[in-house]
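Derivation of every value follows stated rules applied to the coordinates shown; laboratory data play no part. Since we're looking at a predicted model, the values are computed, not measured. All Cβ positions, glycine included, derive from the backbone under ideal geometry; neighbour counts span all protein chains shown.
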Amino acid sequence: MTPQIYYVNEILYIITLPLIKVSIICTYLRIFPEVSFRWLAFSAIGLNVAYVIAFLIVTVLQCQPISFAWNRWDMEHEGTCMDLNAQVMAAAAM
């Protein structure tokens, strides 16, 4: 797997995980019509949207310049990257 594909897979993972959760919540909205449940469900959808926006920005901008995310292995390019382990732990905790 080329490093560019891994980079794109990271982005797709960050997008698809909350979308799956939102689709499940939308199914629950069709099943349970109570007002209090709907309020909680829409709050959960809002949190998932905030999650995808925040972690999408963090994932895309994890290295400066962005191309350093797939060029850093050869030690010929200059740039900096965030601590990816901390990013993964924060995403998992959310």
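Along segment 88-93 the Karplus relation, 6.51 cos²θ - 1.76 cosθ + 1.60 evaluated at θ = phi - 60°, assigns HN-Hα couplings of 5, 5, 5, 5, 5, 5 Hz to successive residues, with x for each Gly and Pro. Each listed q (0.10, 0.23 Å⁻¹) maps to a log10 I(q)/I(0) for the chain from the Debye sum over equal C-alpha point scatterers, namely -0.37, -1.14. Remark: Arg30, Arg72, Arg38 ranked as Arg30, Arg38, Arg72, counting other beta-carbon atoms within 10 Å and listing the fewest first. Within the shell of other residues whose beta carbon sits under 15 angstrom from the beta carbon of Leu61, the net charge comes to -1, with Lys and Arg scored +1 and Asp and Glu -1.
In the chain, helical runs assigned H by DSSP with n ≥ 4 each contribute -39500 (n - 2.57); averaged across all residues and rounded to the nearest 500, the mean residue ellipticity at 222 nm is -24500 deg cm²/dmol.
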